[in-house]
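Reading through the structure tokens given below for one structure.
The values are calculated or read from the model by the stated rules, or taken from the named source; none is laboratory data. Keep in mind the model is a prediction, meaning the values are calculated, not measured. As a convention, Cβ positions derive from the backbone with ideal geometry for all residues, glycine included, and neighbour counts pool all protein chains shown. For accessibility, only protein heavy atoms count, side chains too; no ligands or nucleic acids. Shrake-Rupley method; radii C 1.70, N 1.55, O 1.52, S 1.80 Å.
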Amino acid sequence: MEGPLTGPTAVVGQEQLHFAELALATDNAANKTNISLVQGDTPSPAGAVTVTQQFTSNPKIVAVVGPGGSQQVEAVGPLMARAGMAFISGSATAAALTSGKYPTFFRTVSKDSVQGPQDANFIVHTLHPKALMIVDDQEVYSTGLVSAMVPIFTAAGIKVDHESVQQTTTDFSSLVAKVTPAMMVVVLPWQVAANAQQFGRNLAQQHKTAVIFGTDGLFSPGTFTIAGSYVSSFGPDITAIPADAAIARAAMQKYGSFGTFGPPTFAATHVVDEAIASVCKAEQTPSRSNVLAAIKKTNEPTSILGQPVSFTANGDLVNGRFFLFKITSTGKYQLIPSS
């Protein structure tokens with residue numbers, strides 16, 4: 001499993017690790033398998049390359065769950081392809097990842113070419129801003145979403161101020177100063193929830209009332225809690241899915257509260273586990289090639305995500321979608337039912 005186990009997005013990586021561990025324990029018990037999990041810390045693309053080189057050189061590793069970020073997938077995709085190693089991300093959403101250039105890549109979430117237009121149209125048709133600011137953080141994930149959203153805003157006649165900051169920025173006072181009274185919405189397609197929280201504080205300090213709209217990278221209850229903000233997410237709130245009650249309870253008891261990053265990684269881990277188990281049931285020794293072949297045939301009628309899991313020829317989740325939440329005055333993420 002590859003994920004950002006340390007660094008600014010460690011809260012995400014740790015949640016993903018916990019759900020991978022939970023899925024593995026559940027599947028080993030159900031299938032009478034003895035699959036083990038090797039952890040790889042990938043807080044940056046360079047770190048992901050180092051971990052992937054270690055993983056691909058270990059013949060006992062037959063598949064990978066992760067990495068988490070689109071930029072990490074971009075960095076390791078060629079290495080995984082050369083090794084014939086299947087890898088399934090539960091959070092990488094850049095549309096280009098499933099263009100066919102990474103033939104061993106899969107994901108259990110939808111992609112930015114779905115999220116960007118969905119979020120942009122919600123802003124246009126529900127929030128009705130005359131002007132807005134959109135800020136990228138110079139990462140592949142962020143710039144891809146901006147490219148998908150801006151044309152929809154401009155076509156709707158909305159005046160767009162496109163700004164850019166580095167992901168390492170921690171004071172947004174000068175950027176917030178550019179938010180005019182006409183800008184009713186500020187769109188933050190970022191991955192560091194703490195940065196969005198600070199941006200919201202800076203807005204309040206300057207007595208500005210623009211509503212923050214964040215994409216899935218900001219879904220972090222307990223970290224990003226600016227009341228009235230919107231957040232989209234590639235994963236549902238599984239605590240609202242009756243069939244997931246036992247899993248949600250087990251996760252809460254063992255690891256504490258969680259968001260929407262863990263369940264898609266649970267789904268990804270389950271796909272790998274079932275692929276390995278199917279190879280074993282066929283009385284074959286699991287290898288990268290036969291596990292990859294089994295993953296391609298995945299056809300689960302239901303899943304932790306509340307939907308079937310199967311993949312397109314290029315590794316996309318069939319019928320993947322995004323969900324919208326609004327943050328209440330108590331910091332709770334409340335699902336918008338129409339999403």
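Thr269 versus (1) open to solvent by 40 Å² or more (accessible area, probe 1.4 Å); (2) within 15 Å of Ile35 (Cβ to Cβ): which is the lone unmet condition?
(1)
Of everything in the range 313-339, what is surrounded by 12 or more Cβ atoms within 10 Å (Cβ to Cβ) and outside any strand (DSSP E or B)? Give them in sequence order.
Applying the first criterion (surrounded by 12 or more Cβ atoms within 10 Å (Cβ to Cβ)) to the range 313-339 yields 314-318, 320-328, 331-336, 339.
Once the filter is applied, which keeps residues that are surrounded by 12 or more Cβ atoms within 10 Å (Cβ to Cβ) and outside any strand (DSSP E or B), the range 313-339 yields Asn314, Gly315, Asp316, Val318, Gly320, Arg321, Phe322, Thr328, Gly331, Lys332, Ile336, Ser339.
Going residue by residue through the range 230-238, is there one that turns out to be closer than 22 Å to Val109 by Cβ and of a type in the set (A, V, I, L, M)?
First, pick out the residues of the range 230-238 that are closer than 22 Å to Val109 by Cβ: 230-238.
If we keep only those that are of a type in the set (A, V, I, L, M) as well, we get 231, 238.
The answer is yes; a qualifying residue exists.
Answer yes or no: is there a residue in the range 32-42 that is open to solvent by less than 50 Å² (accessible area, probe 1.4 Å) and without any contact (Cβ under 8 Å) to a residue 40 or more places away in the chain.
The initial filter retains those residues of the range 32-42 that are open to solvent by less than 50 Å² (accessible area, probe 1.4 Å), namely 33, 35, 40, 42.
Narrowing further to those that are without any contact (Cβ under 8 Å) to a residue 40 or more places away in the chain: 40.
Looking for residues that are open to solvent by less than 50 Å² (accessible area, probe 1.4 Å) and without any contact (Cβ under 8 Å) to a residue 40 or more places away in the chain, one finds at least one in the range 32-42, hence yes.
Could you list, in sequence order, all residues of the range 89-132 that are aliphatic (A, V, I, L, M), over 17 Å from Val231 (Cβ atoms) and crowded, with 22+ Cβ neighbours inside 10 Å?
Let us first name the residues in the range 89-132 that are aliphatic (A, V, I, L, M), namely 92, 94-97, 109, 114, 120, 123-124, 127, 131-132.
Then drop every residue that is not over 17 Å from Val231 (Cβ atoms), which leaves 92, 94-97, 124, 131.
Passing the criteria: Ala92, Ala94, Leu97.
Does any residue in the range 170-187 that is of a type outside the set (Val, Ile, Thr) come within less than 8 Å, Cβ to Cβ, of a residue that is open to solvent by 90 Å² or more (accessible area, probe 1.4 Å) six or more places away or on a different chain, and which pairs are these?
Pairs that qualify, where the first residue is of a type outside the set (Val, Ile, Thr) and the partner is open to solvent by 90 Å² or more (accessible area, probe 1.4 Å), are Ser173/Gln205; Ala182/Lys130; Ala182/Lys159; Met184/His128; Met184/Lys130.
This table checks each residue for (1) modelled with pLDDT of 95 or more; (2) among the hydroxyl-bearing types (Ser, Thr, Tyr).
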| position | (1), (2) |
| --- | --- |
| Arg107 | yes, no |
| Val124 | yes, no |
| Leu127 | yes, no |
| Gln138 | no, no |
| Pro151 | yes, no |
| Thr168 | no, yes |
| Ser174 | yes, yes |
| Val179 | yes, no |
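Go through (1) part of a helix (DSSP H, G or I); (2) within 24 Å of the chain's Cα centre (by Cα); (3) modelled with pLDDT of 95 or more one by one and return the number of the condition Met133 breaks.
So Met133 meets the others, but not (1).
In the range 291-299, is there at least one residue being within 23 Å of Pro117 (Cα to Cα), open to solvent by 30 Å² or more (accessible area, probe 1.4 Å) and at pLDDT 95 or above? Can you show your working first?
At the first step, the residues of the range 291-299 found to be within 23 Å of Pro117 (Cα to Cα) are none.
The answer is no; no qualifying residue exists.
Within the range 7-34, can you find the residues that are in contact with a Leu (Cβ under 6 Å, 6 or more places away or on another chain) and in a loop (DSSP other than H, G, I, E, B)?
none
Being more than 16 Å from Met85 (Cα to Cα) and among the acidic types (Asp, Glu) is the filter; apply it to the range 1-31 and report the residue that is surrounded by the most Cβ atoms within 10 Å (Cβ to Cβ).
Narrowing the range 1-31 to residues more than 16 Å from Met85 (Cα to Cα): 3-31.
Now drop any that are not among the acidic types (Asp, Glu), which leaves 15, 21, 27.
Details: Glu15: 25, Glu21: 19, Asp27: 21.
Among them, the one singled out is Glu15.
Of all residues in the range 208-249, how many are more than 18 Å from the chain's Cα centre (by Cα), open to solvent by 10 Å² or more (accessible area, probe 1.4 Å) and under 29 Å from Lys178 (Cβ atoms)?
Adding up the residues that qualify gives 8.
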